[in-house]
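This report refers to the structure that appears directly beneath it.
Just so you know, all these numbers are worked out from the coordinates, no wet-lab data involved. The structure displayed is predicted, hence computed values, not measured ones. FYI the Cβ positions are ideal-geometry reconstructions off the backbone, even for glycines, and counts take in every protein chain you see.
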Amino acid sequence: MACRSFLGSFALVSLLLVGGGSPLRAADPQTIKIGVIAEESALPGTGISKGAQIAADEINAAGGIAGRKIELVIYDDHSQAADAVRAFQRLVNEDKAVGVIGSYISEVALALQPWAQRTKTPYISTGAASNEISRIIHGDYAHNRFTFQGWLTSSALADSVCDAIKGLLMQKYAIKSAVIFSEDAAWTTPLDAEYANCLAGLGIGVAGHIRFAEDTADYSPLFSQAEDKKADLLVVGLSHTGIQPIVQWAQQQVPLPMVGILSQSTNGTFWKDTNGATDGIVSGMGFSADGVALTPETQPFVKEYTRRFGAPPPYSAFPAHDSIHALARAIAKAGTADPDKLADALEQTDFVGTVGRIQYYSADEQFTHALKYGPGLVQNPFMQWQKAHQVAVWPRAATGAEAAFPAFIHLAPR
Amino acid sequence: MTALRILIDSLAIGSLYALGAVGFTLMFGVCGILNLAHGATMVVAAMTAWMVAGRLGLGGVASLPAGLAAGVITALATYRLVVRPIQQSRALPEAEKEIFILTATLLWGILLREAVAYLFSDSPVSTPALIPGIVRLGRIRLPIDKLLDSFICWGAIAALWLLVNRTKMGQTLLGAAANPRAMTLLGHDLARVYRLTWILYGLLTGLAGVLLAGILGAGSAQSGQLTASAFTIVVLGGLGNVYGSLIAAYAVGTLETTTAYLLSPQIRSIPALLLLVLILYFRPQGLLGRR
């Protein structure tokens with residue numbers, strides 16, 4: 001019997017750790033509740049809840065919304081769609097959240113999309129990039145209007161990478177061909193398609209297209225395959241693979257530079273996480289890089305985040321912060337928690353956030369409810385890890401710093 | 001060129017698999033326990049090594065003893081907190097204890113995995129290279145660390161072989177594996193023998209975890225896969241047979257690497273699993289196992 005109860009307690013503890021989790025804040029009837037769904041074991045996930053918390057504190061310090069404070073109810077979804085859906089239902093039905101933000105995983109955001117509609121609760125994804133999210137809204141606006149994509153679409157990200165390649169590399173180096181090198185995920189399918197398109201526009205041939213499972217452990221065969229293509233560049237889409245591709249790229253001294261979207265490299269701890277292997281990696285979404293000040297809000301947010309949590313924010317913290325502000329402004333503007341009026345108010349969002357001017361595409365535009373991308377709106381700054389620092393390298397106006405690559409990288413001058 | 005790359009990578013991966021599986025098979029051979037928290041033990045060692053080397057900034061050399069210590073502590077905790085209470089329980093029928101231990105180590109592994117994810121992160125980590133740099137074999141670049149890790153694996157396995165075959169302690173282990181009842185009658189303290197086995201297991205598994213974190217990276221999400229790999233290799237080689245496990249480790253390493261290079265990395269583990277099915281069908285005792 002003693003043994004059975006011993007095993008029983010094991011099971012109980014395991015369930016508590018594996019299971020859906022519980023809200024991190026106690027209920028308060030005087031507050032306006034906003035739900036936050038994020039994985040608390042991964043840096044981009046914690047970035048969401050921490051970025052959202054800073055925004056909520058800013059709003060509350062300024063008097064709240066019509067005198068009522070914002071209260072965040074945070075659930076850990078373990079980056080699993082099923083856990084996220086359970087959390088969403090609980091936020092709406094039990095916690096009475098008026099809106100929900102969260103998840104940087106496109107597959108999870110896509111799973112939450114129907115629930116935003118069924119429960120008539122505005123939902124803003126925070127870092128999920130797949131075009132599919134906004135395509136679904138555009139295709140059937142009446143049945144998906146409660147979802148907003150609080151981040152750049154994969155197509156916009158790919159276009160920004162091509163812009164960076166053109167401005168940062170092609171001015172100095174002879175880049176004739178590239179290998180597209182991406183993890184197999186919902187967000188990289190449109191990313192890779194647009195890479196192929198915009199690289200062709202730059203006159204860069206696509207020598208190969210390598211996609212691999214997110215849990216790949218040994219990248220040697222993939223790098224070997226890429227090298228055999230005799231390309232000049234690896235154009236990458238990496239977010240969920242962890243540090244292995246970067247560490248093995250440096251360990252094996254693969255002579256091809258890596259440029260693209262490597263969301264984990266935006267983490268302030270990435271240099272230490274990779275023991276410096278990230279030296280020379282060029283990635284978009286470098287909002288935390290030294291000297292990046294896209295708006296007057298960028299640097300104060302980076303400093304506050306770093307002060308509170310000991311490391312600069314990962315990319316996901318920025319859309320989380322701005323999404324809480326967007327929701328708060330919509331609630332204030334609508335003057336009610338009525339979901340239809342809230343969704344209408346969200347569509348009219350227009351303010352300067354940490355990453356640029358925050359507006360969502362309209363129902364008539366291709367990427368309905370996604371964050372607007374372009375000059376004067378949100379742009380994608382590129383950073384490079386250099387000697388343990390995230391250095392802003394593109395657009396040049398940010399700091400004027402040059403890209404520098406490790407000695408093992410072979411780039412022919414123009 | 002590709003053939004040479006496959007050969008080198010197969011040797012490196014096979015050596016790592018061999019080290020990981022040797023501890024697993026030693027545990028089954030001497031104590032009769034299939035420790036399903038095996039992968040989690042490797043991950044705890046890897047994470048500890050990474051903490052010491054990366055976060056505390058003490059470097060790759062300091063990470064090795066830290067990882068080994070973490071492996072031993074985790075192994076002893078598994079024995080003391082999970083396995084021994086079941087073995088000593090009078091409430092459980094003897095015949096059912098094996099399945100209870102199997103279930104308990106599985107749950108313990110989940111607990112360790114989630115604790116690592118909660119305390120650190122579920123993202124994989126990597127320890128710094130002991131000796132950074134590469135050596136060139138023609139047009140092939142080979143990280144020195146990968147080569148060094150293979151030598152360390154062989155060294156550890158050779159040390160285990162010497163311990164088992166050339167020392168009194170090793171003879172006791174072999175005796176306990178062959179006939180534990182006779183060992184008790186001869187006056188040996190079986191609890192001490194088992195404790196020693198768990199320590200050896202912790203050292204081997206901890207070392208495998210640290211080296212894994214250096215070559216491929218390690219994270220909590222991999223713990224189930226690592227247990228499955230060790231299980232596959234041990235069953236393929238013959239449960240409890242160290243030599244069988246060594247042969248199986250290199251066979252699996254070669255099959256996986258060849259598949260990854262010539263077909264696709266996405267399906268690298270499938271041929272090894274097919275081989276396991278065939279072996280179980282035609283030779284259920286494994287390559288070198290006895291019926």
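Remarks
- Size-normalised alpha-carbon gyration radius of region A:86-232, reference 2.2 N^0.38 Å: 1.29
- For chain A, the alpha-carbon coordinates run over 64, 63, 42 Å along the three principal axes, in decreasing order.
- Cut-off 20 Å, label 7 Å out along Cα→Cβ of B:Leu196, residues of region B:128-167 by amide N: B:156-167
- Among A:Phe309, A:Phe287, sorting on how many other beta-carbon atoms sit within 10 Å of each Cβ, with the fewest leading, yields A:Phe309, A:Phe287.
- An ellipsoid equivalent to region A:287-414, defined through the eigenvalues of its Cα gyration tensor, has semi-axes of 34, 18, 11 Å when rounded to whole angstrom and sorted largest first.
- Fewest-first ranking of B:Ile267, B:Ile152, using other Cβ atoms within 10 Å as the exposure measure: B:Ile267, B:Ile152
- If you wrap the Cα atoms of region A:253-296 in a convex hull and average its projected area over all directions, you get 3.6 nm².
- Label separation (A:Ala404 vs B:Leu174): 6.0 nm, computed from points 7 Å beyond Cα along the C-beta direction.
- Calculated Rg and Dmax of chain B using C-alpha coordinates, Å: 18.9, 65
- A P(r) calculated from all alpha carbon pairs of the protein assembly as shown, with 10 Å bins opening at zero, reads 3, 14, 23, 23, 18, 12, 5, 1, 0 percent.
- Rg and Dmax, both from the Cα atoms of region B:16-133 and both in Å, are 16.0, 57.
- Radius of gyration (Cα atoms) of region A:265-358, expressed as a multiple of 2.2 N^0.38 Å: 1.31.
- Label-zone membership for region A:318-334, site A:Arg68, 7 angstrom Cα→C-beta point, backbone N under 14 Å: A:328-334
- Figure legend: label point modelled 7 angstrom from the Cα of B:Leu7 along Cα→Cβ; no residues of region B:245-277 have amide N under 14 Å from it.
- Three-way shape label, region A:145-263, alpha-carbon gyration tensor, a/c 1.5: oblate
- Alpha-carbon centroid distance for the pair region B:133-210 / region B:82-99, whole angstrom: 27
- Hits among lysines - C-alpha to C-alpha of B:Lys146 under 27 Å, sequence gap 8 or more where chains match: A:Lys229, A:Lys230, A:Lys272, A:Lys387
- Checking the cross-link pairs A:Lys50/A:Lys166; A:Lys96/A:Lys372; A:Lys33/A:Lys372; A:Lys33/A:Lys341; A:Lys33/A:Lys303 against a 23 Å limit on the alpha carbon distance flags A:Lys50/A:Lys166; A:Lys96/A:Lys372; A:Lys33/A:Lys372; A:Lys33/A:Lys303 as lying beyond it.
- The simple Förster model, with R0 at 45 Å and r as the Cβ-Cβ distance, assigns B:Leu102 and A:Asn93 a FRET efficiency of 0.70.
- Relative contact order [Cα under 8 Å, 6+ residues apart], region B:184-291, whole percent: 23
- Working from label points 7 Å from Cα in the Cα-to-Cβ sense, the B:Ala62 to A:Asp290 distance is 2.5 nm.
- Contact order normalised by residue count of chain B, Cα under 8 Å, 6+ apart, percent: 35
- Cut-off under 5 Å, modelled amide H: who pairs with A:Arg68 long-range: none
- Aspartates and glutamates whose Cα lies under 14 Å from that of A:Lys172, excluding same-chain neighbours fewer than 8 positions away: A:Asp232, A:Glu402
- Solution diffusion estimate, µm²/s, Stokes-Einstein, region B:137-291, Kirkwood Rh from C-alpha pairs, 37 °C, viscosity 0.692 mPa s: 185
- Per-pair calculated FRET efficiency, R0 = 30 Å: A:Ala193 and A:Met170 via Cβ, rounded to 0.05: 0.90
- Equivalent ellipsoid semi-axes, region A:168-220, via Cα gyration tensor eigenvalues times 5, rooted, Å: 23, 14, 9
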